[in-house]
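Participant: Quick one: the structure is below, questions incoming.
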Amino acid sequence: MSRHLILVGGGHAHMVTLEAIHDFTDKGFEVTVIAPADYHYYSGMGPGMLGGTYAPDDIRFATKNVVTSQGGIFLRDKVVRIDPDLRRVVTETGRELTYDVISFNAGSYVPVPAAGEDGSTPDNLYTVKPIERLMAASKRLTDLFRQKDAVVSIVGGGPSGVEVAGNVWQLAKRTGPYTPKIRIFAGKGLMHRFDPRVKRRVRHTLEHRGMDIRETGYVKEVFQDHIRMNSGEQFPTDFTFMALGVTPSPIFTASGLPIGPDGGLLVNEFLQCPEHPEIFGGGDCIHFNPKSLDKVGVYAVRQNPILCHNLMAALEKPGAGNAFKSFDPGPDYLLIFNLGGGMGVLKKHGIVFGGRLAFKIKDYIDRRFIRRFQAIERTL
Ligand SMILES: Cc1cc2nc3c(=O)[nH]c(=O)nc-3n(C[C@H](O)[C@H](O)[C@H](O)COP(=O)(O)OP(=O)(O)OC[C@H]3O[C@@H](n4cnc5c(N)ncnc54)[C@H](O)[C@@H]3O)c2cc1C
């Protein structure tokens with residue numbers, strides 16, 4: 001029987017493997033990709049899609065077509081857990097599949113605190129991940145901005161919070177006629193992990209647009225029409241974004257696999273689970289044991305060729321550990337925040353600057369990245 005590779009999630013770290021599925025099938029391996037949607041959205045352009053700079057089609061990759069046109073099997077489903085001893089995957093719809101080698105690129109999610117009097121989540125509360133939520137939010141906000149001077153709240157003052165705030169502002173400008181009040185709940189401080197020069201530029205841009213930045217404490221509960229702080233203070237809201245830190249997919253905890261401190265799949269330098277050498281992973285869902293990595297797409301993208309090579313090696317030469325390549329996270333990465341209105345803030349090594357040029361550089365890099373992978377759809 002042919003050996004079976006299962007890819008869980010078609011995220012940023014699996015792009016090169018997805019592109020090379022025909023190499024696996026040509027060698028007689030069976031490849032199954034399990035993902036909850038037929039498309040994967042490039043998160044770096046998500047806030048820009050919210051603000052209307054990009055259409056959803058501009059930022060997505062046709063996972064299902066790319067898989068099936070190369071002889072792979074695509075299952076629209078979600079993996080709930082695996083049984084590593086039986087090498088068996090269990091999905092949300094109750095499917096059970098066995099594998100010889102498996103790779104996880106199932107990403108991360110934004111935890112939502114229980115809220116509302118009955119503990120339910122308000123229907124005007126949107127998380128910034130998955131990126132499909134930003135698409136839905138954009139439609140709903142457009143309706144709201146046509147009706148009244150709404151209050152839009154953003155819980156979280158980190159990179160995704162400020163990018164979302166800036167692009168909500170852009171969406172409102174484009175939609176009119178009303179002007180929303182945008183309030184950012186930034187806990188102990190806006191962009192608190194970042195260089196003071198980054199903080200200053202981000203703050204200047206957002207405050208200049210009249211945004212209210214709250215830095216005196218944490219949000220305790222989010223209700224349909226108001227937000228309650230730990231201090232008891234309350235603020236009205238018509239629409240709320242949850243932009244707090246992300247948590248890796250819960251699959252690994254549910255499967256009893258070795259995990260890092262944040263619940264991500266523990267992997268070694270080969271992006272491989274040391275206890276179960278047929279299990280690999282990349283992107284936000286792993287904890288890279290040699291060095292803790294930020295949850296940024298840059299690392300997922302850099303892991304692509306290593307994952308693809310090691311998956312092939314694991315299928316071709318089971319047990320031959322020396323066939324694997326190790327992942328080197330590489331040097332300091334380029335950070336550019338899209339603050340809407342054609343403005344950005346860029347940081348690389350000691351260089352920091354803000355303005356239109358910063359956004360133009362991000363736009364160029366992001367468009368080039370997604371076009372490279374969208375081109376696969378056309379060449380198959
Ligand atoms: C608003 C926002 C903006 C960002 N901007 C940037 C940026 O400009 N640059 C940057 O480097 N980083 C950015 N990031 C961080 C970046 O999003 C993540 O680091 C990146 O998405 C990680 O890629 P990933 O492939 O691991 O996860 P994801 O992009 O989340 O992909 C995971 C995939 O797995 C699928 N999946 C999920 N659960 C399951 C399951 N149970 N079974 C099967 N499939 C599943 C999902 O549908 C998805 O397709 C941003 C994040 C946010 C929220």
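Participant: If a paramagnetic tag sat 7 Å from the Cα of residue 121 along the Cα-Cβ line, which residues of region 230-248 would have the backbone N under 11 Å from that point?
Facilitator: Those under the cut-off are 242.
Participant: With a cut-off of 15 Å, note down the residues of region 37-77 whose backbone N falls inside the zone around a label point 7 Å from the Cα of residue 333 toward its beta carbon.
Facilitator: From region 37-77, the list is 42-46.
Participant: Right, another one. 7 Å from Cα along Cα→Cβ at both residue 269 and residue 212: what's the point-to-point distance in nm?
Facilitator: So the two model labels end up 5.3 nm from each other.
Participant: Rounded to the nearest 500 deg cm²/dmol, what is the calculated helix-only ellipticity per residue at 222 nm for the chain, with -39500 (n - 2.57) per DSSP H run of length n ≥ 4? Walk me through the numbers before you get to the answer.
Facilitator: Details: 10 runs with 118 residues, N = 380.
Rounded to the nearest 500, it is -9500 deg cm²/dmol.
Participant: For region 224-304, state which GluC sites (Glu not before Pro) are in a DSSP loop and have at most 10 other beta carbons lying within 10 Å of their beta carbon. If you can, show how the numbers build up before the last one.
Facilitator: Numbers: sites: 233, 269, 275, 278; in loops: 233, 269, 275, 278.
Those that pass, being in a loop and sparsely packed, are 275.
Participant: Further question on the same structure: Looking at region 125-245, how many pairs of lysines come closer than 23 Å at the Cα, when each pair is eight or more places apart or spans two chains?
Facilitator: Within region 125-245, the lysine pair count is 14.
Participant: Further question: Using a cut-off of 19 Å between alpha-carbon atoms, which aspartates and glutamates can reach residue 317, once sequence neighbours fewer than 8 places away in the same chain are excluded?
Facilitator: 23, 26, 30, 100, 269, 275, 278
Participant: Counting residues in the chain as N, plug N into 2.2 N^0.38 Å and put the Cα Rg over that result. Before the final figure, lay out the partial values.
Facilitator: Working: Rg = 21.4 Å, N = 380, 2.2 N^0.38 = 21.0 Å.
Ratio of Rg to 2.2 N^0.38 Å for the chain: 1.02.
Participant: Students often forget the sequence filter, so: which aspartates and glutamates lie under 19 Å Cα-Cα from residue 348 once same-chain residues fewer than 8 apart are removed?
Facilitator: Within the straight-line cut-off, residue 348 pairs with 163, 195, 294, 328, 332, 363, 366.
Participant: Treating only the Cα positions of region 51-179 as identical point scatterers, give the base-10 log of I(q)/I(0) from the Debye formula at each q in 0.10, 0.12, 0.17, 0.20 Å⁻¹.
Facilitator: Taking Cα atoms of region 51-179 as identical point scatterers yields -0.51, -0.70, -1.06, -1.22.
Participant: What residues of region 1-44 lie in the reach of a label at residue 325, counting those whose backbone N is under 12 Å from a point 7 Å from the Cα along Cα→Cβ?
Facilitator: 16-17
Participant: Hand me the trypsin sites (Lys or Arg not before Pro) from region 288-380 located in a DSSP loop with no more than 15 other Cβ atoms within 10 Å, in residue order please.
Facilitator: Passing both the DSSP loop test and the Cβ count: 291, 325.
Participant: Sticking with this one: Could you check which residue among 85, 143, 77 shows the biggest mean-square fluctuation in a GNM of the chain with a 10 Å Cα cutoff?
Facilitator: 85
Participant: Now a separate question. Which whole-percent values make up P(r) of region 125-245 when all C-alpha to C-alpha distances are grouped in 10 Å steps starting at zero?
Facilitator: In order of increasing distance, the bins hold 14, 48, 34, 5 percent.
Participant: Also, quick follow-up: For the pair residue 231 and residue 83, what calculated FRET efficiency results from E = 1/(1 + (r/R0)^6), where r is the Cβ-Cβ distance and R0 = 45 Å, to the nearest 0.05? Can you show the working numbers first?
Facilitator: Details: r = 46 Å, r/R0 = 1.03.
Computed FRET efficiency for residue 83 and residue 231 comes out at 0.45.
Participant: Starting from the Cα-Cα distance between residue 146 and residue 93, subtract it from 0.36 nm times their residue separation and give me the gain in nm to one decimal.
Facilitator: Numbers: separation 53, 0.36 × 53 = 19.08 nm, distance 3.95 nm.
Extra length available between residue 146 and residue 93 comes to 15.1 nm.
Participant: Modelling each spin label as a point 7 Å along the Cα-to-Cβ direction, I'd like the residue 23/residue 294 distance in nm, to one decimal.
Facilitator: The modelled label-to-label distance comes out at 2.9 nm.
Participant: Could you give the length gained by full extension between residue 348 and residue 179, i.e. 0.36 nm per residue of separation minus their alpha carbon distance, to one decimal place? Please report the intermediate quantities before stating the final value.
Facilitator: Working: separation 169, 0.36 × 169 = 60.84 nm, distance 3.43 nm.
Roughly 57.4 nm would be gained on extension.
Participant: With axes computed from alpha carbons, what is the tilt in degrees of helix 297-316 against the longest principal axis of the chain, rounded to the nearest 10 within 0 to 90?
Facilitator: The helix 297-316 is inclined about 10 degrees to the chain.
FYI, it's all coordinate maths here, none of it is from the lab. Keep in mind it's a predicted model, so treat the numbers as computed, not measured. Methodologically, a virtual Cβ is constructed for each residue, glycine included, from the backbone with ideal geometry; neighbour enumeration extends over all protein chains shown.
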